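A short worksheet on the structure shown next.
The values are calculated or read from the model by the stated rules, or taken from the named source; none is laboratory data. Computed from a prediction, not measured in an experiment: that's the story for all the values here. Every residue, glycine among them, receives a Cβ derived from its backbone with ideal geometry; neighbour counts consider all protein chains shown.
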Amino acid sequence: LTAGTKCSGCGIVLQTESTDLPGYIPAQALERTPLLCQRCFRIRNYNESSTVTVDQSEFLRLLSQVGDKDALVIHIVDLFDFHGSVISGLQRFVGNNPVILAVNKTDLLPKVTNWNKIRNWVQKEAKELGLKVEDIILCSAKQNQGFDRLLEVVGFMRGKRDVYVVGATNVGKSTLINRLITDYSDLEEELTVSRYPGTTLDTVSIPLDDGHSIIDTPGIVYESRYTELVNKQDLAALMPDKPLKPAVYQLNAGQTLFFGAMARFDFIEGERQSFTCYINNRLNIHRTKLDRADELFEQHGGEMLAPPTKENLAELPAWTRHELRVPKGKSLDVFISGLGWIKVNSDQGALVAVHLPKGVKVMLRPSLI
Ligand code: GDP
């Protein structure tokens, strides 16, 4: 590898030394053309929905100049993967510029949702993460809901400023940008052709009719999201495309749920109680005894317990176990980034464990629903 050789996907300088650092390319992949860093290779081959992507530190470096400008920032997040897609470091670089939080994919929540409660929840969680937001817009790019309100707020707050749109991958940023463009300029076609490998790591500026611009920034890759680890086929099993139908399980301590072969949930200690799974309904939930769970996975992982298939399972990192204690009298979600969440409806408290590929983010959070 010649020093300074760049990835033809994202433009980062390639290196073969450290898998953990940006620009890593396995030595054996140096034969391939085009030369792509491992991340770009994976994105291209497994998860084509992502176009230009960077990791958080690169992204923050890229946008550190926003703080010096007079700009409006739209931060778009995925409601189904809120804690996986929110950019927690955002506040540091936007300076005093106003941020609008667009919370996309509201169509995925059950039809009978209390939207005021969701809004308050988002507000509280954002605050907790140190994000100061001017407004929160719940929207669905797919159902075309909330966009009118968003456009209204952007129109009102933008004044004579540029608009930066930031978000993680797969949150619906492209859809949003296209809406903004249709509303503010005649440049619809410009965007779809402007983001191409080799030109990357740069923001894409879309001129508006009034001389200002919408600035599309690369989608951030968070490797802690399950959706970044899987191939395209399994991505469809993770990402719901219809409203979630919560599945309620009454469990005794010593019982386990498998979500296909994507994850496993053990109820270790506590009174008999109900657990509500907000997970893509395409994933089969299999209930078993905790003391049989290891064996079951060993024998049937990738077959009876699927997806992923055996082959695809082998491509994923090995599972790790996260033990979590839900305190008494609290209504909490066991949140698994990219997979969904399990609400613990507990007055008594519970000790649970989640097993899933290493690196995927798991946390307890106040119940969304
Ligand atoms: P980007 O990677 O952030 O630019 O996101 P895209 O606009 O390409 O969308 C990523 C994925 O999310 C696609 O599979 C979209 O169909 C899906 N998606 C986008 N908006 C919505 C939405 O409002 N609801 C649902 N259910 N899916 C959406």
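Criterion first (assigned by TED's automatic domain parsing to the domain that holds Asp209, of a type in the set (S, T, N, Q), surrounded by 21 or more Cβ atoms within 10 Å (Cβ to Cβ) and farther than 24 Å from Glu223 by Cβ) does Thr106 satisfy it? It is true that Thr106 is assigned by TED's automatic domain parsing to the domain that holds Asp209, of a type in the set (S, T, N, Q), surrounded by 21 or more Cβ atoms within 10 Å (Cβ to Cβ) and farther than 24 Å from Glu223 by Cβ.
Just one residue in the set Val112, Val133 is farther than 25 Å from Lys245 by Cα and either in the same structural domain as Ile181 (by TED's automatic domain parsing) or surrounded by fewer than 16 Cβ atoms within 10 Å (Cβ to Cβ) (or both); that residue is Val133.
Can you spot a residue in segment 263-279 that is closer than 21 Å to Gly338 by Cα, assigned to a loop (DSSP other than H, G, I, E, B), at pLDDT 95 or above and not charged (D, E, K, R)? For segment 263-279, residues closer than 21 Å to Gly338 by Cα, assigned to a loop (DSSP other than H, G, I, E, B), at pLDDT 95 or above and not charged (D, E, K, R): absent. Quick one: would you say Ile214 is over 20 Å from the mean Cα position of the chain (by Cα), surrounded by 21 or more Cβ atoms within 10 Å (Cβ to Cβ) and not assigned by TED's automatic domain parsing to the domain that holds Gln38? The answer is yes for Ile214. Looking at the structure I just gave you, is Glu128 surrounded by fewer than 16 Cβ atoms within 10 Å (Cβ to Cβ) and under 21 Å from the mean Cα position of the chain (by Cα)? Yes, satisfied.
Could you tell me whether any residue of segment 143-157 is at pLDDT 95 or above and either within 16 Å of the ligand (Cβ to nearest atom) or of a type in the set (Asp, Glu) (or both)?
No, there is no match, as no residue in segment 143-157 is at pLDDT 95 or above and either within 16 Å of the ligand (Cβ to nearest atom) or of a type in the set (Asp, Glu) (or both).
Scanning segment 223-239 for residues that are buried (at least 21 other Cβ atoms within 10 Å of the Cβ) and in a loop (DSSP other than H, G, I, E, B), we see that the one that is farthest from the ligand (Cβ to nearest atom) is Val230. Consider segment 77-117 and keep the residues that are basic (Lys, Arg) and either at positive phi or modelled with pLDDT of 95 or more (or both). The one that is farthest from the ligand (Cβ to nearest atom) is Lys117.
Checked against (1) free of Cβ contacts under 8 Å to residues at least 40 places away in the same chain; (2) over 30 Å from Lys142 (Cα atoms); (3) touching a strand residue (DSSP E or B) at 6+ places or on another chain (Cβ under 6 Å), Ile285 passes all but condition (2). Counting only strands (runs of 3 or more DSSP E) that sit wholly inside segment 307-369, those with at least 2 residues that are among the charged types (D, E, K, R) are 319-326. Summed over segment 278-321, the residues that are closer than 18 Å to Glu228 by Cβ and of a type outside the set (Gly, Ala, Ser) give a count of 12. When the residues of segment 49-73 are filtered to those that are among the aliphatic types (A, V, I, L, M) and away from the ligand (no atom under 12 Å from the Cβ), the one that is modelled with the lowest pLDDT is Val54. When segment 310-355 is limited to residues that are modelled with pLDDT of 95 or more and among the polar types (S, T, N, Q), the one that is surrounded by the most Cβ atoms within 10 Å (Cβ to Cβ) turns out to be Ser337. Within segment 282-296, identify whether any single residue is modelled with pLDDT under 95, assigned by TED's automatic domain parsing to the domain that holds Lys343, in a loop (DSSP other than H, G, I, E, B) and within 26 Å of the chain's Cα centre (by Cα), and answer yes or no. Yes, some residue in segment 282-296 is modelled with pLDDT under 95, assigned by TED's automatic domain parsing to the domain that holds Lys343, in a loop (DSSP other than H, G, I, E, B) and within 26 Å of the chain's Cα centre (by Cα). Scan segment 187-205 and tell me whether some residue there is within 16 Å of the ligand (Cβ to nearest atom), touching a helix residue (DSSP H, G or I) at 6+ places or on another chain (Cβ under 8 Å), among the aliphatic types (A, V, I, L, M) and at pLDDT below 75. Yes - at least one qualifying residue is present in segment 187-205.
Only residues that are assigned to a strand (DSSP E or B) and at pLDDT below 95 were counted in segment 240-262, giving 0. Among the residues making up segment 120-137, those that are under 18 Å from Glu152 (Cα atoms) and either assigned to a helix (DSSP H, G or I) or within 16 Å of the ligand (Cβ to nearest atom) (or both) are Ile136, Ile137. Is at least one residue of segment 284-303 surrounded by 17 or more Cβ atoms within 10 Å (Cβ to Cβ), among the hydrophobic types (A, V, I, L, M, F, W, C) and under 21 Å from Lys245 (Cα atoms)? No: segment 284-303 contains no residue that is surrounded by 17 or more Cβ atoms within 10 Å (Cβ to Cβ), among the hydrophobic types (A, V, I, L, M, F, W, C) and under 21 Å from Lys245 (Cα atoms). State which residue is surrounded by the fewest Cβ atoms within 10 Å (Cβ to Cβ) when the search covers only segment 246-267 and only residues that are touching a Ser or Thr at 6+ places or on another chain (Cβ under 9 Å) and of a type in the set (A, V, I, L, M). Among those that are touching a Ser or Thr at 6+ places or on another chain (Cβ under 9 Å) and of a type in the set (A, V, I, L, M), it is Val248.
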